[in-house]
1. Scanning for something hydroxyl-bearing (S, T, Y), in a helix (DSSP H, G or I), within 16 Å of the ligand (Cβ to nearest atom) and in contact with a Leu (Cβ under 7 Å, 6 or more places away or on another chain), does segment 17-34 turn up at least one residue?
2. Pick from segment 254-268 the residues that are among the small types (G, A, S) and free of Cβ contacts under 8 Å to residues at least 24 places away in the same chain: which of them is surrounded by the fewest Cβ atoms within 10 Å (Cβ to Cβ)?
3. How many residues, within segment 128-159, are within 16 Å of the ligand (Cβ to nearest atom) and out of contact with any helix residue (DSSP H, G or I) (no Cβ under 6 Å at 6 or more places or on another chain)?
4. Considering each residue of segment 85-105, count those that are in a strand (DSSP E or B) and free of Cβ contacts under 8 Å to residues at least 24 places away in the same chain, and give that number.
5. Quick one: in segment 113-122, which of the residues that are part of a loop (DSSP other than H, G, I, E, B) and surrounded by 18 or more Cβ atoms within 10 Å (Cβ to Cβ) is farthest from the ligand (Cβ to nearest atom)?
6. All but one of (1) touching a helix residue (DSSP H, G or I) at 6+ places or on another chain (Cβ under 9 Å); (2) part of a loop (DSSP other than H, G, I, E, B) hold for P125; state the number of the condition that does not hold.
7. Among the helices (runs of 4 or more DSSP H) confined wholly to segment 140-253, which include 3 or more residues that are of a type in the set (D, E) and in contact (Cβ under 8 Å) with a residue 12 or more places away in the chain?
8. Going by the conditions given, is N93 crowded, with 21+ Cβ neighbours inside 10 Å, within 15 Å of the ligand (Cβ to nearest atom) and polar (S, T, N, Q)?
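The values are calculated or read from the model by the stated rules, or taken from the named source; none is laboratory data. Since we're looking at a predicted model, the values are computed, not measured. No Cβ is skipped: glycine too gets one built from the backbone with ideal geometry, and neighbour counts run over all protein chains shown.
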Amino acid sequence: SKPAVTVLGAGDMGSALVRALLAAGYPTTVWNRTPERAKPLVAEGATQATTVAEAVEASRLVIVCLLDYKSVTEVLDTARDALAGQVLVNLTNGTQGQARELAGRYDVDYLDGGIMAVPPMIASPAAFVFYSGSRSAYDTNKPVLEVFGESIYVGTDPGFAALHDIGLLSGMYGMFVGGLHALALVTSAGIPATKFAPLLKRYVSSMTGYVDRMAEQIDKQDYAIDVTSNIAMQSAGYVNLTLSAEEQGISPELLAPLGPLMAQRVADGHGHEDLGGVVELLKKGNKK
Ligand code: NDP
């Protein structure tokens, strides 16, 4: 028989986690601040705990998935004694610093996680979850964790799952930033977004290969490797993004910040190099 699992939080994501565990045959205890929200899960086979301590005591493995770290500490502080010796897997979104702090806050075997999926994707092949922190907690509980999607362990530093998570979200929002600007631009000229969208997807997809080259340059701190689009040229062209927005009467604010960074690299004598060198400015906090 499969080991018991406790889930604290029956929001959209917590509920998806509980459902995946039930479907995989794990006896699951759930707790939620607003008890009504967990009722549908009980109908599906979960056991509902009335207090946090009761939920924490029900299983050696305690998974927490709440809104933010403030809610996590508020909830877990009420069950400090019950937590002692348990495995705590925190799947709440937060920063690397918050994860590191939480790792030392309770007497637990701590594993932090970052879910790279929306609730309907949980337990599907498309879902993956970053984990970092206690290696033994990860190894011991891997079969349970794999229920949610592919698990990717990224190191003993409890902050590394959050760094990977936020890193991917940064890439995603960067893409959304470009997409939102592009759609504002073309629709302001009467071009339907639905007509433009396939072209946007095609071009952005074809550019993902650029990431590999940037990565190689960044690791080697050599931005002159295989340059086909030097930053002096890109910087001159980038000015036209702002000008084009102004001609259409739309705000360039989403895209504007990259312009001065590119110009700075050129001014610093790196005009013949690639765009990746901008990370050098970012890592300095862009202090000149
Ligand atoms: P929801 O808004 O659906 O649920 C929030 C949960 O947090 C509820 O269980 C809520 O309880 C609880 N909560 C909020 N504040 C407190 C508090 N002060 N004390 C106790 N409980 C509290 O969010 P999700 O379930 O979607 O998200 C949960 C976590 O999962 C977040 O960190 C999110 O970033 C992460 N995540 C979500 C994804 C998504 O697409 N949904 C994707 C990847 C990660 P109550 O019902 O009582 O309000």
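1. No - not one qualifying residue is present in segment 17-34.
2. Filtering segment 254-268 for residues that are among the small types (G, A, S) and free of Cβ contacts under 8 Å to residues at least 24 places away in the same chain, the one surrounded by the fewest Cβ atoms within 10 Å (Cβ to Cβ) comes out as A267.
3. Final tally of qualifying residues: 6.
4. Qualifying residue count for the region: 0.
5. Selected residue: I122.
6. For P125, the exception is condition (1).
7. Passing ranges: none, list empty.
8. No, not satisfied.
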